[in-house]
Amino acid sequence: MTRRLLYLGNNYQPAVGGAEITDQLLLEAWAARGGTAGAVFFGRQTLPPLRGQTLPPLRGVELMPAGSAPAMERLARAWRPDLLYAQMGTHHLGLRLARDLRIPVMSCVHDPTPLCTAVVPLASCDRRCARCPHFLPQAAQASYGRALVANFDRIFVPSRFMADLVRDLAGRDDAEVLYPAITPVAPSDGTGRAIAMASASLDKGTDIFLKVAELMPEREFLLAGRGDPRKCGYDPGRHPNVQVTGLLPIEAFYARAWLVVMPSRWAEAFGRMAPEAQSAGVLFMGSPVGGIPEAAGEAWTPVDGHLDPAAWVAAIRALAADPGRQEALRLQGLEAWRRFDAAGPAERFCAAAETLLAAPPEAPAPTLPERPAYLPFTVAPPLTRCFYGALALALLGSGLRALGVPGRIPLAVLGLGLGALLVSLALLWALHAGPLLKLKSRPIYHSGQNLAWASLLAALGAPLLALRGPGPAWAALGLLLLLAVTAAKHRQRALRERNR
């Protein structure tokens, strides 16, 4: 009988990172062995919410994008899996479905975030969470994630570093190291000149990369991949030697690179770019944190003092001045990456899945932990910009009226701003304030109160602006200023709570 393995995750196709690339290879290996493989995923970063539409199969794997968690659950139940593979963003759903359907469930902890969201200090963590100032603000969320990880029937991790983390933080000493499946990149022809980095993220050290580019104006730099470079400090005027390309085909990225760097601040679970660069004959340099040293082996250049751009500049210049070391590292790398050849991890994954299917755990799944009392806020940028733009127009119009500026221009500005303000406030109330006031968490409730007060102030200010004379206009102006303060406090609370 054909066994049905179903993947649940945030993303699958297109793959937006190393975790999805590995998961694709694993599911394709299952399908190639005669099993049935399917993937239900949100794909919010790259795909529109297709709401249950089925895409053409990808190398033997059925693809089912879902626009929401309820849609994902409906698709998963209808697919009737024998085994679940729940990944980032779907741990709770995967565990609950497995319990309801009485089937086994497994996961690979590709990211330390579920165990501790303080991923930057995690690189030098001493595991004393009760004394850690970075842990306390997110203790509820981290405890919840650790409890989820502890409930899976089988846990994989991409490195020994992550195995130690799962053991120390989630209490599981049976996490199996399943190195990411690496497919070799076509060897570079040696014409690449750029110092290259993939993805724009402060945690991954893109700001350090850009400072290095400033200190080395004679060199060519390449920044590819997802993320917003401007949020990391990129300025075309200050960084004329940095080319930003967005997503690039993997072969094109390595073909243009002389050196690939990973100046990560946070504890990378593995560091996939190290073996990829090595397979392409491209030099690799990285921060000695997390799983990067394990991924790179001996064929790389670690940067001590990796938070200091000057240390990177010194390491790059030393490497550029030593052609013999460059050639030795390239030759070492062409052999080192083979430790992660895709065939090995795929074989072990399929064997583990078959073992679970042949002898599923007899004991019922433990009671799932309750979600922490917080809501991941979604502060929509377009709606936020509309709100603050409308508020600025309303303030300008009421200010002109209060100062007695004649003509229709103040009224036109005021009318436009007030109309847009009321519409955007109604949407903010429906999407944020109402749901927030129903939650028990005090910071969230207070955040909802901020929006409630803002709505009340707008309702009081609108009639005043309809009256003639500077008195009502000054009163309305004061109410609008109070509205701006309360809305700003809401946004501050919302962003802080969302980033816990």
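FYI, it's all coordinate maths here, none of it is from the lab. Quantities reported herein were computed from a predicted structural model and do not represent experimental measurements. Because the Cβ atoms are built from the backbone with ideal geometry, glycine has one as well, and the counts that use them run over all protein chains shown.
Over all orientations, segment 194-339 has a Cα convex hull whose mean projected area works out to 7.6 square nanometres. The phi torsions of segment 284-291, fed into the Karplus equation with coefficients 6.51, -1.76 and 1.60 and a -60° offset, translate into couplings of 10, 9, x, 6, x, 10, x, x Hz, rounded to whole numbers, with Gly and Pro shown as x. Charge tally around GLU354: other residues with Cβ under 10 Å, Lys/Arg +1 each, Asp/Glu -1 each, net +2. First select every other residue whose beta carbon is under 13 angstrom from the beta carbon of HIS239; then total the charges, Lys and Arg +1, Asp and Glu -1. Taking every Cβ under 13 Å from that of HIS239, the sum is 0.
Going by average Cβ neighbours within 10 Å, how do the peptides 57-64, 266-273, 230-237, 207-214 rank, with the highest at the top?
Details: 57-64: 17.6, 266-273: 26.1, 230-237: 13.1, 207-214: 22.2.
Answer by packing, highest mean first, reads 266-273, 207-214, 57-64, 230-237.
Each residue of segment 155-165 was assigned a 3J(HN,Hα) from its phi angle through the Karplus expression (A = 6.51, B = -1.76, C = 1.60, θ = phi - 60°), giving 10, 10, 9, x, 6, 5, 4, 6, 4, 5, 5 Hz with x at Gly and Pro.
Where Lys and Arg each count +1 and Asp and Glu each count -1, what net charge lies around ARG154 among other residues with Cβ under 11 Å from its Cβ?
Values: positive: ARG172; negative: ASP153, ASP174, GLU176.
So the environment of ARG154 carries a net charge of -2.
Each residue of segment 13-23 was assigned a 3J(HN,Hα) from its phi angle through the Karplus expression (A = 6.51, B = -1.76, C = 1.60, θ = phi - 60°), giving 9, x, 5, 9, x, x, 4, 5, 4, 5, 4 Hz with x at Gly and Pro. As a proxy for reagent exposure, THR117, THR355 were ordered by neighbouring Cβ count within 10 angstrom, fewest first; the result is THR355, THR117. For GLY286, the amide hydrogen comes within under 5 Å of the amide hydrogens of MET262, THR301, VAL303, counting only partners 5 or more places away or on other chains and with H modelled in the peptide plane.
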